[in-house]
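All remarks here apply to the structure that follows.
The values are calculated or read from the model by the stated rules, or taken from the named source; none is laboratory data. Values in this document were obtained by computation on a predicted structure and should not be read as measured data. Heads up, the Cβs are rebuilt from the backbone with ideal geometry, glycines too, and the neighbour counts pull from every protein chain shown. Areas reflect the complete protein model, heavy atoms only, side chains present, ligands, DNA and RNA absent. Shrake-Rupley method; radii C 1.70, N 1.55, O 1.52, S 1.80 Å.
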Amino acid sequence: RQRPQEIRELKKQLPAPAADGAPVQSPLTSVIEQKEQERKALVAGNYRDKHWWWGSVLLASGVGIAIEGCVNTFMRTGRLFPGPHLYAGAAIVFLWAAAAALVPAMQKGDNSARQAHIALNALNVGLFLWQVPTGLEIVGKVFQFTQWP
């Protein structure tokens, strides 16, 4: 992400070309070439597209599962059970939406949007991990009250 800026800064430090226009050899030349090769390798890895694809899958499936969980509970019991699991799930869906909404600003190079996107997703992972025990507790209750054949 910052490689092009690093390359530009290094190129500014290169000595001016000779009077005949020939480039002057500098130790920075090899550093610049190395960073340009690294940048080409990163671009060839298609990491942005992979991140975009997996983020889209997570957003679509996560929102779908969150809605399905509420609908399933309501269809089985006729009500929702307000509690930590429900509130954490709603917060997770909100954070996914907020993080996804930052993508256009990130595409324009807004580093604050990028940092906010990372922070929202880190908070989201924490909420999800905190939600796991309450989810297991709910599964235990469902199994307890289910009539098995």
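Out of curiosity, is LEU58 under 30 Å from ILE118 (Cα atoms) and in a helix (DSSP H, G or I)?
Considered against the rule, which asks whether it is under 30 Å from ILE118 (Cα atoms) and in a helix (DSSP H, G or I), LEU58 comes out as yes.
Spot the failing condition for PHE74; the list is (1) under 27 Å from GLY55 (Cα atoms); (2) at pLDDT below 95; (3) open to solvent by 80 Å² or more (accessible area, probe 1.4 Å), and only one is missed.
(1) is the only condition that PHE74 fails.
Of these, ARG39, ARG79, which one is open to solvent by 60 Å² or more (accessible area, probe 1.4 Å) and within 30 Å of THR146 (Cα to Cα)?
Unique residue meeting the criteria: ARG79.
Among (1) modelled with pLDDT of 95 or more; (2) in a loop (DSSP other than H, G, I, E, B), which single condition is ASN124 missing?
Answer for ASN124: the failing condition is (2).
Please indicate, with yes or no, whether at least one residue in region 76-90 is in a helix (DSSP H, G or I) and farther than 20 Å from GLY135 by Cβ.
no
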